[in-house]
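Each remark here refers to the structure printed beneath this line.
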Amino acid sequence: MTQHIGEGTINIPQTWYNASINVFTAEQPGKAGPSISVNRDLLRPGLVLADYVSDQIIKLRAKLKDFRIVQERQMEVNGRPAWLYEFTWESEQGLVMHQILLTVNYDARLINLVATHGAVMEGPLKDHMMAMLLSFRFAQVGRSEAP
């Protein structure tokens, strides 16, 4: 099966799962600044998107110091069910980390888009990061394989 990546294509057996992660940063690699990451996951049989999100929040709460939810809401992105949750937490260096995670459901597959900043996102930065997440569109059929 041909998988499309930003730089080109690669032939991967159809039985393999796409666990790739893409990271886009506003600053050069190695420098602090806002970023967007994209990763893929599978929805376990019998679960719905709300179950997955609930499980993720439980894991984040257990793993991240001073985890606080700013907002969460169900929505639709590109005609698919989605869930947006925004949260803050404290890094090991004592920085307030602010993340907005958008999970989009595509059959039993999930696309997680995460906006991250090493400080509280406010005003134009938060609006810009949110707009980037919400701009996600699935590839046209035949042009790229589904995640």
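The values are calculated or read from the model by the stated rules, or taken from the named source; none is laboratory data. Values in this document were obtained by computation on a predicted structure and should not be read as measured data. Heads up, the Cβs are rebuilt from the backbone with ideal geometry, glycines too, and the neighbour counts pull from every protein chain shown.
Numbers for the structure displayed
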item	result
The lone exception for E27 - which of (1) in contact (Cβ under 8 Å) with a residue 60 or more places away in the chain; (2) outside any strand (DSSP E or B); (3) of a type in the set (D, E) it fails	(1)
Single match in L60, L47 (criterion: at pLDDT 90 or above, within 22 Å of Y85 (Cβ to Cβ) and in contact with a Phe, Trp or Tyr (Cβ under 6 Å, 6 or more places away or on another chain))	L60
Residues of the stretch 55-76 satisfying the condition of being among the β-branched types (V, I, T) and over 18 Å from K126 (Cα atoms)	I57, I58
Residue within the stretch 36-47 that is assigned to a loop (DSSP other than H, G, I, E, B), of a type in the set (D, E) and either free of Cβ contacts under 8 Å to residues at least 60 places away in the same chain or surrounded by 12 or more Cβ atoms within 10 Å (Cβ to Cβ) (or both) present	no
Filtered residues of the stretch 1-21 (kept if hydroxyl-bearing (S, T, Y) and in a strand (DSSP E or B))	T2, T9
Contacts under 6 angstrom Cβ, first residue in the stretch 120-147 being modelled with pLDDT under 95, partner charged (D, E, K, R) and not in a loop (DSSP other than H, G, I, E, B), 6 or more apart	P147/R40; P147/R109
Candidates E90, E86, filtered to the one that is surrounded by 13 or more Cβ atoms within 10 Å (Cβ to Cβ), acidic (D, E) and touching a residue at least 24 places away in the same chain (Cβ under 8 Å)	E90
Some residue of the stretch 109-118 being among the charged types (D, E, K, R), modelled with pLDDT under 95 and surrounded by 11 or more Cβ atoms within 10 Å (Cβ to Cβ)	yes
Of residues in the stretch 20-44 being modelled with pLDDT of 85 or more and small (G, A, S), the one farthest from M130 (Cα to Cα)	S20
Number of the exception - M129 against (1) under 30 Å from T9 (Cα atoms); (2) surrounded by fewer than 18 Cβ atoms within 10 Å (Cβ to Cβ)	(2)
Number of positions in the stretch 70-117 that are among the small types (G, A, S) and in a strand (DSSP E or B)	2
Residue in the stretch 94-107 that is touching a Phe, Trp or Tyr at 6+ places or on another chain (Cβ under 6 Å), of a type in the set (A, V, I, L, M, F, W, C) and more than 30 Å from T2 (Cα to Cα) present	yes
Search result, residues across the stretch 48-67 that are among the basic types (K, R) and surrounded by 13 or more Cβ atoms within 10 Å (Cβ to Cβ)	R61
